[in-house]
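For reference, the structure discussed in these notes is given below.
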Amino acid sequence: MDGSQLLIPAVLGAGAVATGLARRHQARRLATLLDARSTSVAELRDLQATVAEQMGAGSFRERVKLQGTITCNEPLTAPWSGEPCVAFTNTTTALMEVREERTSTDSAGNTTTEVNWERREETLQQLEQRCPFELQQGGQSLLVDPEGAELELETVFNQVDPPTTANTGLYRQLGTRRVESLLRAGGPVLVVAECSDASGKLQLQAPEGKGLFVVRRGSEDDFSRSIRRWRRIWTVSTWLFSASAALSVLLIAL
């Protein structure tokens with residue numbers, strides 16, 4: 001058994017490890033989501049006031065999940081769509097075909113060169129901005145600092161512009177794609193975060209240490225189903241990669 005024969009089992013084994021890690025990541029996300037306490041803005045404000053009275057301001061910290069509506073007095077304006085938002089990401093990608101030459105020699109010593117044009121995409125520029133906003137429930141609201149959050153963004157702009165440079169013998173430019181995704185400055189959201197007054201004001205923020213910090217549309221049940229679905233996908237993928245790796249080793253050994 002030489003080294004080249006072990007290449008396929010090694011690749012399949014690496015796939016099993018990678019999908020296993022992805023499955024474990026989703027399992028941890030689900031455990032963290034279930035561990036966070038369901039609450040409300042009013043309850044958090046009351047709890048913080050009690051803790052501040054007993055232990056001093058800046059002592060309150062709890063991992064929570066709650067739903068409310070985004071409000072923002074000074075939202076961002078997404079550059080390409082012009083829509084008000086609390087976060088946006090702009091990505092500019094070059095679309096091109098690159099010339100690839102492959103040379104081969106047959107048993108008679110004859111050399112041939114095959115020319116192919118392979119399509120590729122290259123990210124030219126990416127811009128991301130976020131701004132603080134309020135999570136409102138009824139007549140009360142709570143500040144959200146979105147830095148470090150996993151945001152569910154909606155793609156609102158996707159346009160391919162004509163080429164801006166001349167083609168050469170090595171590549172052909174097909175155009176430039178501009179994509180803009182954002183979180184609108186309004187509408188209901190689910191927030192899973194740490195609630196703390198350590199900054200001097202009560203707010204929802206990234207947890208100290210590891211933990212979920214998510215702002216997304218939909219309910220907690222929707223989020224839980226999504227995590228469970230991905231966990232199943234990665235579990236099945238791990239089984240398939242592992243079985244394929246074992247089978248390939250067995251076939252090589254026979």
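The values are calculated or read from the model by the stated rules, or taken from the named source; none is laboratory data. These numbers come from a predicted model, not from an experiment. Don't worry about glycine lacking a Cβ; one is built from the backbone with ideal geometry, like all the others, and counts go over all protein chains shown.
Selection of the range 31-50 for residues being within 18 Å of Arg228 (Cβ to Cβ), hydrophobic (A, V, I, L, M, F, W, C) and either touching a Lys or Arg at 6+ places or on another chain (Cβ under 9 Å) or surrounded by 14 or more Cβ atoms within 10 Å (Cβ to Cβ) (or both) yields Leu33, Ala36.
Among the criteria (1) over 16 Å from the mean Cα position of the chain (by Cα); (2) modelled with pLDDT of 90 or more, the one Arg231 does not fulfil is (1).
Yes/no per residue for (1) more than 26 Å from Leu135 (Cβ to Cβ); (2) modelled with pLDDT of 90 or more; (3) among the aromatic types (Phe, Trp, Tyr); (4) within 30 Å of the chain's Cα centre (by Cα):
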residue	(1), (2), (3), (4)
Thr19	yes, yes, no, yes
Arg23	yes, yes, no, yes
Asp35	no, yes, no, yes
Thr39	no, yes, no, yes
Ala42	no, yes, no, no
Gln48	no, yes, no, no
Glu53	no, no, no, no
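Within the range 136-155, the set of residues being in a loop (DSSP other than H, G, I, E, B), touching a Lys or Arg at 6+ places or on another chain (Cβ under 8 Å) and charged (D, E, K, R) comprises Glu147, Glu152. Hey, any hits in the range 242-249 for a residue that's assigned to a strand (DSSP E or B) and either surrounded by 16 or more Cβ atoms within 10 Å (Cβ to Cβ) or of a type outside the set (Phe, Trp, Tyr) (or both)? Checked the range 242-249: no residue is assigned to a strand (DSSP E or B) and either surrounded by 16 or more Cβ atoms within 10 Å (Cβ to Cβ) or of a type outside the set (Phe, Trp, Tyr) (or both).
Cβ-Cβ distance below 6 Å, separation of 6 or more or different chains: which pairs start in the range 90-111 with a residue that is in contact (Cβ under 8 Å) with a residue 12 or more places away in the chain and end on one that is part of a strand (DSSP E or B) and β-branched (Val, Ile, Thr)? Correct list of pairs: Thr91/Val179; Thr93/Thr123; Ala94/Thr176; Glu101/Thr113; Glu101/Val115.
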